[in-house]
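Right, one structure below, let's go through it.
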Amino acid sequence: MQKIRVIFLGNSLFLEDKIGLLVGERLRENLESLGLEVVITERIGINLLDLIIGVDLLIIVDSVYVDNDELWGEVLILNLNSYYGNSIKAPHTLSLRDLLDIAKIYNLGPPKEIIIIGIGIRDLVTLSSDLSEKLKKKLDYITNKVFDLIVYFSQNMLANSRH
């Protein structure tokens, strides 16, 4: 049986960076009913190491800074290289590549496959217990799209493991 873990990242102190946490809370029950392991966390850096090892498919859902309004509130599929590119900045997984290297070097069981789902945000600095109006309006859309992508990638992984 393939082990699939979905990690929702965010920071509840910031206006828009909490979006991953909110989407995770909305999807937890549905995803767990599909047999997926769900983790919703504010951990960063090396503190994520134990969460990324020991799975076949790792899906990470996090906010990503976008520099244009068209991508604000959009759901993006990112590869590990674009996640570190100049145009996209992710506040929680800047060391993901390093963590994967550590997992490989020390034979800790790095994931066989990684999918990164980004949610476009424009505000990285405003402290607030609330969510921006733009993201509030798009929350159902974001949640549904993230769910559809997670189901697609997890079913694809399971189907490929049968062949």
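The values are calculated or read from the model by the stated rules, or taken from the named source; none is laboratory data. Computed from a predicted model, the values in this text were never measured in an experiment. Methodologically, a virtual Cβ is constructed for each residue, glycine included, from the backbone with ideal geometry; neighbour enumeration extends over all protein chains shown.
Things to note:
- Each residue in the stretch 16-40 was checked for being part of a loop (DSSP other than H, G, I, E, B) and out of contact with any strand residue (DSSP E or B) (no Cβ under 7 Å at 6 or more places or on another chain), and 3 pass.
- Looking across the stretch 60-73, the residues that are aliphatic (A, V, I, L, M) and either more than 13 Å from F8 (Cβ to Cβ) or touching a Phe, Trp or Tyr at 6+ places or on another chain (Cβ under 6 Å) (or both) come down to V61, V64, V66, L71.
- G10 surrounded by 14 or more Cβ atoms within 10 Å (Cβ to Cβ) and in contact with a helix residue (DSSP H, G or I) (Cβ under 6 Å, 6 or more places away or on another chain): yes
- 1 or more residues in contact with a helix residue (DSSP H, G or I) (Cβ under 9 Å, 6 or more places away or on another chain), surrounded by 18 or more Cβ atoms within 10 Å (Cβ to Cβ) and modelled with pLDDT of 90 or more: qualifying helices (runs of 4 or more DSSP H) within the stretch 44-163: 49-52, 133-161
- Of the residues making up the stretch 13-43, just one is over 16 Å from K145 (Cα atoms), buried (at least 20 other Cβ atoms within 10 Å of the Cβ) and either touching a Cys at 6+ places or on another chain (Cβ under 6 Å) or free of Cβ contacts under 8 Å to residues at least 60 places away in the same chain (or both), namely V38.
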